[in-house]
Amino acid sequence: MKAIIPAAGLGTRFLPVTKEQPKEMLPVVGKPVIQYVVEEAVAAGVDDILMITGRGKRAIEDHFDRSVELEDLLERSGATDKLRQVRNIPDLANVFYVRQGRPRGLGHAVLCGAPHTLDEPFFVLLGDVIVPGNHCLPRLQEIHKKYGSSVIAVEPVEQQYVSRYGVIAGHEVEPGVWKVTDLVEKPPANEAPSNLAIFGRYLLTPRVMEILPHIEAGRGNEIQLTDALRELILREDLYAVTLDCKGYDTGNILSWLETNVALALETEEFGDQLRESLERLLG
Ligand code: G1P
């Protein structure tokens, strides 16, 4: 299956660090966020990835390319582990790139992938969202096979945070699976139809690509994928599944910090020492 990874956003919630640097290249425990995303897609059997990039995103392309000088240096100095690490990255998948000329929103970014996905269902993985565990995409696939429709991942969030996300309304048809009856992009907390937030992973049918060109700018004056899905449910069923693990939105400073701490605590290399440091800091 193919996957689209939108990575064209300007990262305005992360300035000034993202002034010239893609937010998708920020490190999370020593690895850029987008590498986690690509590895998750590959683990789900995706072998063809289309990244939607734009001006100022060259570092992403360079990261998934060979680094001949660096490889030569590591080879000469006998740093075989590091060499293997560096060489594995371009071998992960076939990565293709298309540039979104102007940032016009997530819906527009996904639409830029239409000539690539053609008439097949495809995944969308947001380039700044990490979903650990590799269970999410197989779960989307399972529900897609069962109901033959588009499926999106959702996560319950505290009511005060719903305005940061696309939010669904629906009824639960089996544990953790919702038939979607409405979607709203970043509603005010008191108008949100539920606390189930869309969480950066989608398996979409090609019908979405027919709808997107007709979607007008919505929230934030951007063409929203959520608005296209709202149209989609008038024509096809759409299901949502709750993640069975915590996903991490790394697009703002606080949640990026939390992602780093949470994932570092789980590593053998840093876990114990970091726990001690945190205990010391918290006194
Ligand atoms: C996007 C989507 C939103 C979703 C969020 C997190 O918003 O438009 O529906 O809930 O990602 O996956 P963004 O964070 O890019 O503004």
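A few remarks follow.
- One residue alone among Glu40, Glu71, Glu61, Glu75 is over 26 Å from Arg219 (Cα atoms), acidic (Asp, Glu) and within 16 Å of the chain's Cα centre (by Cα), and that residue is Glu40.
- Considering region 1-27, and only residues there that are away from the ligand (no atom under 16 Å from the Cβ) and not in a helix (DSSP H, G or I), the residue that is nearest to Gly113 (Cα to Cα) turns out to be Lys2.
- Test: Leu50 is open to solvent by less than 20 Å² (accessible area, probe 1.4 Å), under 16 Å from Leu243 (Cβ atoms) and touching a residue at least 60 places away in the same chain (Cβ under 8 Å): no
- Taking region 185-201 as the range and being open to solvent by less than 10 Å² (accessible area, probe 1.4 Å) and either of a type in the set (Gly, Ala, Ser) or free of Cβ contacts under 8 Å to residues at least 12 places away in the same chain (or both) as the test, the residues that pass are Ala197, Gly200.
- For region 184-205, the candidate set comprises residues that are within 19 Å of the chain's Cα centre (by Cα) and more than 12 Å from the ligand (Cβ to nearest atom); within that set, the residue that is nearest to Ile143 (Cα to Cα) is Leu203.
- Residue that is farthest from the ligand (Cβ to nearest atom) [pool: residues in region 213-269 that are under 14 Å from Val28 (Cβ atoms), open to solvent by less than 70 Å² (accessible area, probe 1.4 Å) and of a type in the set (Val, Ile, Thr)]: Thr267
- Segments classed as helices (runs of 4 or more DSSP H), wholly inside region 74-180, with at least 1 members that are away from the ligand (no atom under 15 Å from the Cβ) and surrounded by 15 or more Cβ atoms within 10 Å (Cβ to Cβ): 80-91, 114-117, 136-147
The values are calculated or read from the model by the stated rules, or taken from the named source; none is laboratory data. Model, not experiment: these values are computed from the prediction. Positions of Cβ are generated from backbone atoms using ideal geometry, with glycine treated the same way; all protein chains shown enter the neighbour counts. Side chains are part of the model used for accessible areas, which takes the heavy atoms of the whole protein and leaves out ligands, DNA and RNA. Shrake-Rupley method; radii C 1.70, N 1.55, O 1.52, S 1.80 Å.
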